[in-house]
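Let me begin by presenting the structure, written as C-alpha cells, before commenting on it.
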Amino acid sequence: MAAAKAGVEQRRSADPPIGRREGPTVLPSNKVLQAILKEYSLRSVIDDDGDLAVRWDNFSIYFFHYGQDEEVLQARLYLNRRFEVELRPTLALVLDDWNRSKLFPKAYTVLPDDGLVGICAEQAFDFEGGISRQQLKFTVGMWLQNLQQFADWTEEHV
C-alpha cells in the first residue's frame, strides 16, 4: 500500500500541473477578446467601467475579468427587458426550469438600481494555466452561442 501511494506521489510531482501546456498560450485579455470578437464579425465596445461588451437589439453580453492576474473570464448576458418587482418569484421559477434542463449558461434574476428586475445568464472559466488562442476563440464562440440560445428561449418563455 505504501509503495503504491509513493508511486502516485512520484507521478504527480513528475507531471506538469493540470492546465499547463507546452506552446504559446494566452490569457483572455480585452485586447485578445476584441480581436476574437472581430473575427466573429461582432462589434465590441469598452464601457465607462472598462468592461468589454457586445450589444444586440434585445440583450448585451459583457466580459468580466477576475482573479489576481485577471485569469478568470466571465461572459454575462443582460436582457434589455425589465420586469416589475412583483414578478421576481415567477421569473425565478421560470429560470429554475432553464437551470434544471440545461447545463449552461447559469441564469438568474438581478435587481439593478432602477428598481426593476433584470435577467442575466453567465458562463465563466478559470484560465490560470493559459489557453491556446484557437481554443479561447472556440470557447468564446460556444459561450456566445449558448448565451444567444438562452436569450431566444426567454423570448418564448418569459
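The values are calculated or read from the model by the stated rules, or taken from the named source; none is laboratory data. Since we're looking at a predicted model, the values are computed, not measured. Don't worry about glycine lacking a Cβ; one is built from the backbone with ideal geometry, like all the others, and counts go over all protein chains shown.
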Problem - Residue, surrounded by the fewest Cβ atoms within 10 Å (Cβ to Cβ), within the range 103-125, restricted to residues that are modelled with pLDDT under 95 and charged (D, E, K, R) - result: Asp113
Handout entry: Out of Glu84, Glu156, sole residue that is loosely packed, with under 15 Cβ neighbours inside 10 Å and closer than 16 Å to Asn58 by Cβ
Key = Glu156
Exercise for the section: Test each condition in (1) at pLDDT 95 or above; (2) surrounded by fewer than 12 Cβ atoms within 10 Å (Cβ to Cβ); (3) assigned to a helix (DSSP H, G or I) for Ala4 and report the one that comes out false. Expected result: (1)
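Let's see how each residue does on (1) closer than 29 Å to Asn30 by Cβ; (2) not β-branched (Val, Ile, Thr):
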{"residue": "Leu91", "(1), (2)": "no, yes"}
{"residue": "Leu103", "(1), (2)": "yes, yes"}
{"residue": "Leu111", "(1), (2)": "yes, yes"}
{"residue": "Ala121", "(1), (2)": "yes, yes"}
{"residue": "Val140", "(1), (2)": "yes, no"}
{"residue": "Asn146", "(1), (2)": "yes, yes"}
{"residue": "Gln149", "(1), (2)": "yes, yes"}
Problem - Qualifying residue in the range 66-79 (condition: in a loop (DSSP other than H, G, I, E, B), surrounded by fewer than 12 Cβ atoms within 10 Å (Cβ to Cβ) and in contact with a strand residue (DSSP E or B) (Cβ under 8 Å, 6 or more places away or on another chain)) - result: no
